[in-house]
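The values are calculated or read from the model by the stated rules, or taken from the named source; none is laboratory data. Computed from a predicted model, the values in this text were never measured in an experiment. Cβ coordinates were reconstructed from backbone atoms using ideal geometry, including for glycine residues, and neighbour counts include every protein chain displayed. The protein model used for the area step is the full one, side chains on, heavy atoms only, and it has no ligands, DNA or RNA in it. Shrake-Rupley method; radii C 1.70, N 1.55, O 1.52, S 1.80 Å.
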Amino acid sequence: MQLLKFGGSSVASAETIEKVAAIIKQQSANKKTIVVASAMGGITDKLLECGTEASKGNEDYKELIKIISARHLQATKALLPITNQSGVLSQVMQYCNEVEDICNGIFLLKEFSAKTKDRLVSYGEILSSYILSHYLDSIGVKNKWKNAKELIVTDSNFTKASVNFLATQQKIEEYFLNPSVYLHVVPGFIAADLHGHTTTLGRGGSDYTAAIIGAAVHASVVQIWTDVSGMMTADPRLVSNARCIPKISYQEAMELSHFGAKVIYPPTLQPLLLKNIPVLIKNTFAPGDEGTEINKSSLLNGSTIRGISSINHIALLSLEGSGMVGIPGFSKRLFEALAAHEINVILITQASSEHSICVGVEDSYAEKAKRIVDNAFYFEIESGKVNELIIEKGLAIVALVGDNMKNHVGTSGKMFGAIGRNGINVRAIAQGSSERNISAVIASKDVKKAINVLHEEFFETTYKQINLFIAGAGNVGSKLIMQLEQQAEYLRKNLRLQVRVVGLANSKKMLFNDEGIDLENWKENLGNGTQMNTTEFVQNIQTKNFRNTVFIDVTASSEIAKQYEALLTKNISVVACNKIACSSPFPYYKLLKNAASNHNSLWLFETNVGAGLPVIGTLNDLLRSGDVINKIDAVLSGTLNFVFNNYNGERSFAEIVKQAQDEGYTEPDPRLDLSGIDVMRKILILAREAGEKMELENISNTSFMPPSCMVGSIENFYAEMEKHEPHFKHLYDEATKRNCKLKFVASYNKSNNNGETKASVGLQHIDPQHDFYHLYGKDNIVSFLTERYPLQPLVIKGAGAGAEVTASGVFADIIRAARV
């Protein structure tokens with residue numbers, strides 16, 4: 001004999017009932033079958049609403065009853081041929097009239113007791129199973145309908161009755177062992193106490209009905225038909241890549257169901273486990289899917305974790321006090337007080353010092369629990385031995401479940417490492433002695449992020465998802481977006497990274513798309529975005545709370561640079577092309593460094609110096625390996641190097657600068673390059689990264705620009721340069737006379753003491769023997785003299801300007817952040 005149970009979504013309408021009947025017809029051919037049906041989806045809630053409204057004296061319950069009646073009558077008419085409708089419609093109407101009579105009584109008495117609730121809600125299952133039974137008859141599938149109230153015996157604990165298994169076994173055996181009936185249809189959820197009063201088995205109890213009957217008749221299998229294709233590795237509403245678990249043990253399934261997995265009602269499995277009857281979770285709407293098999297053992301391919309689940313709306317109750325240490329009985333009194341008032345404890349953890357006990361309960365019970373516990377420990381609280389109960393709300397439990405965790409070292413470390421890297425704070429931890437479950441209490445707002453992070457860590461071997469928010473869509477930003485689009489497939493295949501741009505902004509507009517912005521049409525989409533607001537943009541990043549988030553700043557905005565701390569402290573890594581933060585006053589630079597370190601986030605700014613050249617990375621590698629930086633000499637402006645490499649007096653200096661700007665080698669305002677300020681910032685950043693506490697004003701700048709060029713508009717800047725062309729020609733001629741080239745050089749010397757300037761920038765004559773002489777185009781060069789490189793410097797050389805190479809440097813930092 002087999003048992004098939006169909007959930008509320010499976011019998012929600014005439015169309016779905018037709019699908020159910022097709023499955024029953026196919027499954028019951030040549031095999032004795034029992035079918036258990038839930039109420040139509042949403043009907044139990046509607047019945048409870050009827051009773052609640054009636055108890056308040058609100059006559060709206062009558063309209064609700066009309067809706068309930070109409071739904072069942074319409075389904076009956078749609079399913080049955082006209083010749084078969086009369087008797088069934090009459091019985092359906094009679095049941096609906098009984099519902100109305102009960103509600104009229106509730107309305108008059110203004111009382112809605114647990115006993116009355118059970119009687120009222122039982123009609124949902126009675127109606128759906130009755131209609132299903134008669135529809136099966138109409139399509140030639142003969143069956144017998146039986147009210148479960150006559151089969152399952154319980155105590156009188158209404159709305160959550162406990163089953164009397166001995167009496168139930170006897171009744172079920174007497175009824176279902178009739179060899180002449182091959183198909184039975186039974187309403188789920190409903191039972192009766194020894195006095196014949198209707199009771200129910202708790203919300204979701206139709207699964208339990210199936211398990212009780214299945215165990216009593218020694219069924220070969222119990223099939224639970226629902227609207228998903230089995231138990232999933234995580235809630236598919238939260239995790240898009242959740243997948244079906246092919247096999248799972250009874251214990252694992254019970255753990256997952258207790259911790260929020262709604263596919264199966266938690267008590268269902270216990271009767272079946274005792275009889276070793278397998279359970280199959282199937283999808284009514286995709287009957288061809290394999291589903292999930294629940295059996296005695298499920299160790300499949302050595303997998304450690306079977307699933308991830310969560311419970312929302314949790315409150316933590318903490319009982320603390322020095323008077324608890326070494327005194328037996330505190331835990332007993334706490335749990336007795338809660339149990340006496342029917343407050344269920346979901347999670348327990350206690351400090352080894354015995355100074356505190358922490359339990360998790362549904363947050364709707366938190367205030368009640370505080371009154372109860374404070375009263376139970378009144379004497380200890382008054383005497384100062386114990387503090388008043390502390391309540392924390394807005395929490396949730398996330399649980400990893402798997403039988404095989406006991407055989408794998410490091411599962412807990414992997415779990416907490418993954419959520420820690422994403423800035424998810426853990427308030428409490430519990431692990432069962434069976435090592436089948438590891439639970440963590442976190443903020444409710446972090447549940448989706450945590451489950452996705454854990455699913456990615458334990459199940460998604462294909463790729464890791466990275467979520468990017470990009471501020472800046474100019475030359476560098478647009479090149480970066482192009483590179484991200486071009487390399488998307490490479491990153492997936494070779495680095496197992498799925499990189500999505502979920503937020504994008506320029507100075508005028510901002511755009512968000514939780515599923516990823518279409519990088520082919522980003523310009524058009526951004527143009528249709530909302531007005532850019534820096535604060536709102538950053539708040540959106542924080543509110544969305546995506547896992548593996550990286551913020552990219554490819555602007556020159558001081559306003560955006562001020563937002564780094566807010567991001568880093570939320571465990572959001574920052575990749576900055578913008579040099580303002582790194583060259584800001586030292587306390588702010590140090591604050592950001594500490595924020596990144598303390599909150600397990602990354603602040604990466606390789607492109608601040610040398611565009612795509614590995615300058616800062618090399619410097620940091622030297623320091624991390626124990627080397628000491630003694631001296632840095634560098635040509636750090638691709639713009640100035642381009643200008644002086646191309647200027648020979650044949651074309652004006654202003655023309656060469658304009659060419660550099662047109663080819664994208666300068667800052668938006670070329671005076672930042674020509675003044676030496678940009679180079680000062682770069683050598684400042686290198687000095688700070690080398691361990692120097694230095695400010696911008698500590699750097700000596702020998703400018704070669706006439707002062708009149710540096711005031712007014714950019715147009716004025718070019719006009720003044722034309723006027724001062726003899727000055728620039730003189731600089732060139734002087735260098736040529738000495739067989740030298742002009743290079744704008746930045747230097748840092750650690751050994752300079754006694755008030756001497758440790759860092760300087762300025763135009764120098766470079767002779768042919770110098771490392772910097774053969775530096776062409778827009779190239780940069782950096783020379784490090786260190787303890788390990790005392791005579792022959794470590795030299796880094798290459799293109800140091802241009803949107804393409806700068807974007808590639810930003811890209812490289814993104815990959816570094818992603819692979820942590």
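Worth pointing out:
- Take the Cα of Lys31, go 7 Å toward its beta carbon, and the backbone nitrogen atoms of region 184-228 under 11 Å from that spot belong to 220-223.
- Computed FRET value (nearest 0.05) for Asn598 with Tyr732, which takes r as the C-beta separation and R₀ as 56 Å: 0.65
- Principal-axis analysis of the Cα atoms of the chain puts helix 114-138 at an angle of about 80° to the longest axis.
- Distance (nanometres) between label positions extended 7 Å along Cα→Cβ at Glu725 and Asn475: 2.5 nm
- Theoretical gain in end-to-end length, Asn701 to Glu559 [0.36 nm per residue, Cα-Cα removed]: 48.5 nm
- Qualifying lysines (Cα of each under 20 Å from Cα of Lys385; at least 8 residues distant if same chain): Lys332, Lys370
- Once both labels are positioned 7 Å from their Cα atoms along Cα-to-Cβ, the gap between Leu623 and Thr159 label points is 6.3 nm.
- For the chain, the square roots a ≥ b ≥ c of the C-alpha gyration tensor eigenvalues yield an a/c of 1.5 or more together with a/b exceeding b/c, which makes the shape prolate.
- Calculated FRET efficiency, Glu342 to Glu367, Cβ-Cβ distance, R0 = 25 Å: about 0.95 to the nearest 0.05.
- Sulfur and carbon atoms: percent of accessible area, the chain [1.4 Å]: 49 percent
- Pairs with C-alpha atoms separated by more than 18 Å, drawn from the list Lys115/Lys160; Lys570/Lys593; Lys479/Lys544, are Lys479/Lys544.
- Beta bridges per DSSP, both residues in the chain: antiparallel share near 60 percent.
- Only lysines eight or more places from Lys247 in sequence, or on another chain, were considered; those with a Cα closer than 24 Å are Lys5, Lys262, Lys275, Lys282, Lys296, Lys406, Lys414.
- Region 79-113 and region 194-225 have their alpha-carbon centroids 24 Å apart.
- Multiplying the residue separation of Gln542 and Asn528 by 0.36 nm and subtracting their alpha-carbon distance yields 2.8 nm.
- Region 521-589 and region 358-408: distance between their alpha carbon centers, rounded to Å: 39 Å
- Modelled spin-label separation between Val426 and Lys693, with each label point placed 7 Å from Cα along the Cα-to-Cβ direction: 3.7 nm.
- 0 to 90° range, to nearest 10: angle between helix 586-598 axis and the chain longest Cα axis: 30 degrees
- Potential extension, Lys658-Tyr776 segment - 0.36 nm per residue separation minus Cα distance: 40.7 nm
- Nearest 10 degrees, 0 to 90: helix 534-544 Cα axis against the chain principal axis: 40 degrees
- Amide H within-cut-off set for Trp225, under 5 Å, with H built and near neighbours excluded: Lys5, Phe6, Gly7, Lys282
- Pairwise FRET efficiency - Ser297 versus Lys590, Cβ, R0 = 51 Å, nearest 0.05: 0.35
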